[in-house]
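Got a structure for you, questions after.
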Amino acid sequence: MRSIIITGGAGFIGSHVVRLFVNKYPEYRIINVDKLTYAGNLANLKDIEDKPNYRFVKADICDFDAIYALMQEENVDGVIHLAAESHVDRSIKDPFTFARTNVMGTLSMLQAAKLYWESLPEKYEGKRFYHISTDEVYGALRLDHPEELFTETTKYQPHSPYSASKASSDHFVRAFHDTYGMPTIVTNCSNNYGPYQFPEKLIPLFINNIRHRKPLPVYGKGENVRDWLFVEDHARAIDLIFHKGKVAETYNIGGFNEWKNIDIIKVVIKTVDRLLGRKEGEDLNLITFVTDRAGHDLRYAIDSRKLKTELGWEPSLQFEEGIERTVRWYLDHQEWMDNITSGEYEKYYESMYANR
Ligand code: NAD
Ligand code: TYD
């Protein structure tokens, strides 16, 4: 019997992790702690919300008292921490919210776990605090040096307020291991794509815009490179590392799947067109080059050989299949998309792009 808090479980990646754990481990108790910010959506978990081993708790990770009380109430022995502010463009407009949630929120989770676990007779025995981070903490790689990849020992060099806040939270997690002996693990993953991603991120935003024949705002020249991983493969890696990963270790997670933005955008356009029965490529004219993102990192690329060698993880899906499944999912779930893109979010999106 394990009792695990998963934070941010109503978000994109968190919902896949919650679903995987609830279905795969009926003997575990899975407690999803989420504040339900604009990015949190309980509709992402409709299919598992009535399972007996699942509980949702609406709480802010910064609320130390609430988190500490929940850990006591549920005898929590594991934390998988995903809750965060996650969008770079928002962090450029509002860095304070990112410092609050990503840094102070992580610290609040760590401190609650520390005080609760240290109060038990067995202390840290059998416990685990697993922090989900991003490859963006490593900064940016050069476009003309394809042999360069981020490894677990690459120096932290964050550029955006988002990546700076995630880097800071990673340091706090490691400090809790080094100072108090807390059994922590950190993983740094590349860009995820797949169902349930909030449509402010490149792939779902563009699928929705193509469907409605709205312009596709490509930052700069579209030459930036990202390393894309299907979200269910990330969730599988999290499951493996939570159970088999070594305490105090860092693992990089990525699919060896680099794409220039403009190239992936063309694949998305052609896939949407084909699946909607339009002429393949007829929506390429929606591509609209706009002012570049401030401090836009040129290239991310993950070396995930450590995870493969030590724990045997590999991505299960070829990119072509992953993108096909993803586009199909968004086209089949228009209601999910409409619920998000109406109201407050619509106003925000319009204000973001009004001056581009
Ligand atoms: P997301 O924005 O889709 O979801 C974040 C979730 O956290 C939401 O449900 C939100 O309501 C919740 N949340 C935010 N602030 C909170 C608070 N103060 N208290 C409680 N809950 C709060 O994010 P995502 O893309 O699913 O990312 C999840 C994690 O994975 C983040 O830590 C992110 O840094 C990391 N990550 C994301 C990617 C990616 O490509 N999306 C890649 C690598 C790592
Ligand atoms: P995004 O999905 O925001 O992820 P991240 O910034 O964490 O990598 O963006 C992916 C890439 O796509 C990034 O290089 C920025 C670019 N991009 C655009 O060109 N236009 C857009 O409207 C968005 C949201 C992103």
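Can you confirm whether Ile6 is modelled with pLDDT of 95 or more, open to solvent by 30 Å² or more (accessible area, probe 1.4 Å) and within 11 Å of ligand 1 (Cβ to nearest atom)?
No: the conditions fail for Ile6.
Just a yes or no: is a residue in the stretch 286-294 touching a strand residue (DSSP E or B) at 6+ places or on another chain (Cβ under 9 Å), under 30 Å from His171 (Cβ atoms) and either open to solvent by less than 20 Å² (accessible area, probe 1.4 Å) or of a type outside the set (Gly, Ala, Ser) (or both)?
yes
Continuing with this model, one more query. Out of all the residues in the stretch 225-245, which are open to solvent by 10 Å² or more (accessible area, probe 1.4 Å) and within 12 Å of ligand 2 (Cβ to nearest atom)?
Val225, Arg226, Trp228
Take Thr134 and tell me if it is of a type in the set (S, T, N, Q) and open to solvent by 20 Å² or more (accessible area, probe 1.4 Å).
Against the criterion (of a type in the set (S, T, N, Q) and open to solvent by 20 Å² or more (accessible area, probe 1.4 Å)), Thr134 does not qualify.
Identify the residue in the stretch 143-164 that is hydrophobic (A, V, I, L, M, F, W, C) and in a loop (DSSP other than H, G, I, E, B) and, among all such residues, is most open to solvent (accessible area, probe 1.4 Å).
Leu143
Residues are listed down the side, and each one gets a yes or a no for (1) in contact with a strand residue (DSSP E or B) (Cβ under 9 Å, 6 or more places away or on another chain); (2) within 10 Å of ligand 1 (Cβ to nearest atom); (3) more than 16 Å from Glu152 (Cβ to Cβ):
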residue: Phe176; (1), (2), (3): yes, no, yes
residue: Tyr193; (1), (2), (3): yes, yes, yes
residue: Gln197; (1), (2), (3): no, yes, yes
residue: Lys201; (1), (2), (3): yes, yes, yes
residue: Leu229; (1), (2), (3): yes, yes, yes
residue: Phe242; (1), (2), (3): yes, no, yes
residue: Thr250; (1), (2), (3): yes, no, no
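Right, something else. Mind checking which residues of the stretch 178-199 are in contact with a Ser or Thr (Cβ under 6 Å, 6 or more places away or on another chain) and open to solvent by 20 Å² or more (accessible area, probe 1.4 Å)?
Matches in the stretch 178-199: Tyr196 only.
Shifting gears a bit: State all residues of the stretch 183-222 that are more than 8 Å from ligand 2 (Cβ to nearest atom) and closer than 27 Å to Thr151 by Cβ; if no residue qualifies, say none.
Pro183, Thr184, Ile185, Val186, Thr187, Asn188, Cys189, Ser190, Asn192, Tyr193, Gly194, Gln197
Right, another one. Looking only at the stretch 291-340, which residues are part of a helix (DSSP H, G or I), of a type in the set (Val, Ile, Thr) and under 20 Å from the mean Cα position of the chain (by Cα)?
Answer for the stretch 291-340, where residues must be part of a helix (DSSP H, G or I), of a type in the set (Val, Ile, Thr) and under 20 Å from the mean Cα position of the chain (by Cα): Ile323, Thr326, Val327, Ile340.
What's the total number of residues in the stretch 9-23 that are part of a helix (DSSP H, G or I) and open to solvent by less than 10 Å² (accessible area, probe 1.4 Å)?
Number satisfying all stated conditions: 6.
Among Asn252, Asn261, Asn224, which is the only one that is of a type in the set (S, T, N, Q) and within 23 Å of Arg328 (Cβ to Cβ)?
Result of the check over Asn252, Asn261, Asn224: Asn261.
Only one residue in Ile203, Ile207 is assigned to a helix (DSSP H, G or I), in contact with a Pro (Cβ under 9 Å, 6 or more places away or on another chain), open to solvent by less than 10 Å² (accessible area, probe 1.4 Å) and within 20 Å of Gly322 (Cβ to Cβ), so which one is that?
Ile207
Quick one: which residue in Ala167, Ala175, Ala140 is in a helix (DSSP H, G or I) and either open to solvent by 10 Å² or more (accessible area, probe 1.4 Å) or more than 16 Å from ligand 2 (Cβ to nearest atom) (or both)?
Selected residue: Ala175, the only one of Ala167, Ala175, Ala140 that is in a helix (DSSP H, G or I) and either open to solvent by 10 Å² or more (accessible area, probe 1.4 Å) or more than 16 Å from ligand 2 (Cβ to nearest atom) (or both).
Only helices (runs of 4 or more DSSP H) wholly contained in the stretch 40-107 count here; list those with 1 or more residues that are touching a Gly at 6+ places or on another chain (Cβ under 9 Å).
Of the helices (runs of 4 or more DSSP H) lying wholly inside the stretch 40-107, those with at least 1 residues that are touching a Gly at 6+ places or on another chain (Cβ under 9 Å) span 88-93.
Does the stretch 28-49 contain any residue that is open to solvent by 20 Å² or more (accessible area, probe 1.4 Å), within 16 Å of ligand 2 (Cβ to nearest atom), over 15 Å from Ser133 (Cα atoms) and in contact with a helix residue (DSSP H, G or I) (Cβ under 7 Å, 6 or more places away or on another chain)?
Within the stretch 28-49, one or more residues are open to solvent by 20 Å² or more (accessible area, probe 1.4 Å), within 16 Å of ligand 2 (Cβ to nearest atom), over 15 Å from Ser133 (Cα atoms) and in contact with a helix residue (DSSP H, G or I) (Cβ under 7 Å, 6 or more places away or on another chain).
Quick check on my filter: what residues within the stretch 110-133 are out of contact with any Ser or Thr (no Cβ under 9 Å at 6 or more places or on another chain) and either without any contact (Cβ under 8 Å) to a residue 40 or more places away in the chain or not in a helix (DSSP H, G or I) (or both)?
Within the stretch 110-133, Ser119, Leu120, Pro121, Glu122, Lys123, Tyr124, Glu125, Gly126, Lys127 meet the criteria.
The values are calculated or read from the model by the stated rules, or taken from the named source; none is laboratory data. Nothing here was measured: the structure is a model prediction, and the numbers come from that model. Please note: Cβ atoms are built from the backbone with ideal geometry, for glycine as well, and neighbour counts cover all protein chains shown. Keep in mind that these areas ignore ligands, DNA and RNA; they rest on the heavy atoms of the full protein, side chains included. Shrake-Rupley method; radii C 1.70, N 1.55, O 1.52, S 1.80 Å.
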